[in-house]
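**Student:** Below is a structure I'd like to ask you about.
Values in this text are rule-based calculations from the coordinates and carry no lab data. Just so it is clear, the structure is predicted and the values come from calculations on it, not from any experiment. Backbone-built Cβ (ideal geometry, glycine too); neighbour counts: all protein chains shown.
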Amino acid sequence: MLPQKQIQTTLKQAFSILLLFLFLFTSNRLSASPTSDSFVLVLDAGHGGKDPGSIGRKAKEKDITLAVTLLTGKYISEQYPDVKVLYTRKRDMFVKLHERADFANKTHADLFISIHTNSSESSSPKGLEVFAFGVFRSAENLEVVKRENSVIYLEDNYKEKYEGFDPNSAESYIIFEFMQNKYVEQSLEFAAITLNELKSCAKWNNRGVKQDVFLVLREVSMPRILIELDFISNIEAEKLMMSEAGQKKYAQAICNAFGKYKAVYDRKNKIKSTKPIAQKEKASENTNKPNTTPVTKDSEKNGHAHVRRVYKVQLMALPQPLPANSPHLKGYKANYYRENKLYKYTYGESESLEEISRIRTSLSKDFKDAFIVAFENGVKVQMK
């Protein structure tokens, strides 16, 4: 339990950062409208210049990330001519974390991808990880987050710019519990797609999709992910990431993931895609038992089964399930269904859209980004 004085200090920090976040979000989103109808993608090569990132036996993180980022941009530009690809850096230079976010916001980007390599004190760990911004922390993730966030020490005015945030203090991360973001679900879904594409790059197992509080993602006002390609501290993984063949594999996998994300984005926004979907999306796996309505003989008419449509309020999406008493649920008895390897939590159920809309409104004080989803006989369907 934190001392009362420390809790008060932490809450003050939280409030000041929340105000800063709201200011940055509204000013960047409302100051001007996009100058182009093109989909804007910002690719961020982690580290650079005086910040080498993690160092392996032969390679530096900043060199691997730049090579993979430039290849990724090249492949996407070639395959998706309607996409405007921008970079936070295209050469070996130092870019502050907040400047990367500012660049993405000012260009009105639709998607942000930050590329990194992982590291460990042990040479044994290997495998890729894909992160979305969030507060679902673990002790293991915290070490990764601390390392990636520690780059702010290279910035002259980091104490003022990041409101006293200390990357090495676990308590500092409490402030992010106060931040809600409507792009979390899209980020998690894209992270899952990316992991699925990248896992073919190496013969060893991946380490999954995770959420945590990376500063480079914090102020970005759009769906965003951070990719840890593999462990530069592992000889075999370092060799793969250094090789031209390996870098091409990583870049093509990220390009493929982007293509799948863009196809869904175009469909949702009723945009004519320049490239057809390569594969049909897999049907959602639905584990919400209350949604399942068995079809009986009495429900069959003229050879057609009765379709029962119900509505629910979706609260959040996470890469792993929550315990029943999790504070993230804020006292609500929520159910979940699985889709794109994510656990999507819902509350309430009604066949009346008007009634579920009232429930969503009542939840808005605790879950401001909650929205309504529809199911037919236990299977999620698009809202009409």
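**Student:** I232: net charge of surrounding residues, Cβ under 9 Å, Lys/Arg +1, Asp/Glu -1, itself excluded?
**Tutor:** Spelling it out: positives minus negatives among the neighbours equals -1.
**Student:** From the cross-link list K96/K272; K60/K199; K203/K262; K90/K249; K248/K272; K272/K341, which pairs have alpha carbons spaced over 25 Å apart?
**Tutor:** K96/K272; K203/K262; K248/K272; K272/K341
**Student:** Are there GluC sites (Glu not before Pro) in region 300-378 that DSSP marks as loop and that have at most 13 other Cβ atoms within 10 Å, and which are they?
**Tutor:** Here the sparse-neighbourhood loop sites are E300, E351.
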